[in-house]
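The values are calculated or read from the model by the stated rules, or taken from the named source; none is laboratory data. In this text, all values refer to a predicted model and were calculated from it rather than measured experimentally. Cβ atoms come from the backbone with ideal geometry, glycine included; neighbour counts cover every protein chain shown. Side chains are part of the model used for accessible areas, which takes the heavy atoms of the whole protein and leaves out ligands, DNA and RNA. Shrake-Rupley method; radii C 1.70, N 1.55, O 1.52, S 1.80 Å.
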Amino acid sequence: MKYRLKAVTVFAVWCGAILLPAWSGAQEFKKVTDPDAVYRELRQNSERINSLEAQFREVKYLSYLKEPQKSSGRFVYEKKDKMRWEQVVPASYVILINGSSLRVNDGGKEKNVKSAGPVAGMVREMLLMMVNGDYQNSRGFAKELYQNSAHYLVVMKPLEKRLKQRFERLEMQFSKNGAGLRQLTFFEKGGDRQVMSFHDEKINGAINQALFTQF
């Protein structure tokens, strides 16, 4: 289904967000000698966030297109299992997560998520995992941690069969100034990549609950 791949590669979830355009740009990063200490810092930062609103920009680099595809929108999250990922430009695309519920609206039309079965659950779990910090405990990825003077870089290589067939790795870049997530990059097997970056964050503000139930 079309929404399966789009929902998984969005993100997916701060999913969402975010990173360097390519691994070659990450050569200045050095492997962290005490990853446990850094993961504790990142965990503590995620635990203090009860709600989050942010704007995002997304750029897709596709081998069959000369120019990258660009999109933008907003991301809303409330601890621990509510999320709204809303692409506004160039077209409307919304993912709503509210507890165990996952809903997708593409161009004003709601998709039949229930027919996706286990895939829908995987998408929901993956997005929330990245947002609330559970990626640290996930057995579905092999993780490596790097740093430079300004950022931490978490490199995650999928071990789960379905994700492994599509993605080479995911990268999350966190600011050392507050440990906020700044970029998220998905590297696909064929060489394509998707880069998302977040800005204008509002932390622990009041959230309209209708954002998690209404498109």
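Which order do Thr33, Thr213, Thr185 take when ranked by solvent-accessible area (1.4 Å probe, heavy atoms of all protein chains), largest first? Mind showing how you got there, number by number?
Values: Thr33 140, Thr213 65, Thr185 0 Å².
The most accessible residue leads, giving Thr33, Thr213, Thr185.
So between Lys143 and Glu110, what do we pick up on full extension, going 0.36 nm a residue minus the alpha carbon distance? Intermediate values should be presented prior to the final figure.
Values: separation 33, 0.36 × 33 = 11.88 nm, distance 3.50 nm.
Once the chain is fully extended between Lys143 and Glu110, it gains 8.4 nm.
Shown is the FRET efficiency for Ala210 and Lys189, computed with R0 = 45 Å from the Cβ-Cβ distance and rounded to the nearest 0.05: 0.70. Filter the trypsin sites (Lys or Arg not before Pro) in the stretch 25-94 to those in DSSP coil with at most 16 other Cβ atoms within 10 Å of their Cβ, and list the result. Those satisfying the criteria are Arg48, Lys66, Lys79, Lys80.
Below 17 Å, Cα to Cα, which aspartates and glutamates can Lys66 reach? Residues fewer than 8 away in the same chain don't count. Those aspartates and glutamates meeting the cut-off are Glu58, Asp192.
Loop-resident trypsin sites (Lys or Arg not before Pro) (DSSP state other than H, G, I, E or B) in the stretch 140-210 with no more than 15 further Cβ atoms inside 10 Å of their Cβ: Lys176, Lys189. Taking label positions 7 Å along the Cα-Cβ direction at both Ala150 and Asp34, the computed distance is 2.5 nm, reported to one decimal. Remark: accessible surface ordering of Asp34, Asp106 (largest first) is Asp34, Asp106, probe radius 1.4 Å. Ranking Tyr61, Tyr146, Tyr135 by solvent-accessible area of protein heavy atoms (1.4 Å probe, all protein chains present), from largest to smallest, gives Tyr61, Tyr146, Tyr135.
State the extension gain, in nm to one decimal, for the chain segment bounded by Lys70 and Arg166, taking 0.36 nm per residue of separation less the distance between their alpha-carbons. Could you put the intermediate results ahead of the total?
Numbers: separation 96, 0.36 × 96 = 34.56 nm, distance 2.11 nm.
Length gained between Lys70 and Arg166: 32.4 nm.
In the structure shown, do any of Lys60/Lys189; Lys60/Lys82; Lys31/Lys70; Lys111/Lys202; Lys82/Lys189 have a Cα-Cα gap over 22 Å, and if so which? Where the Cα-Cα span goes over 22 Å, the pairs concerned are Lys60/Lys82; Lys31/Lys70; Lys111/Lys202; Lys82/Lys189. Extension gain, Ile203 to Glu47: 0.36 nm times the residue separation minus the Cα-Cα distance gives 55.0 nm.
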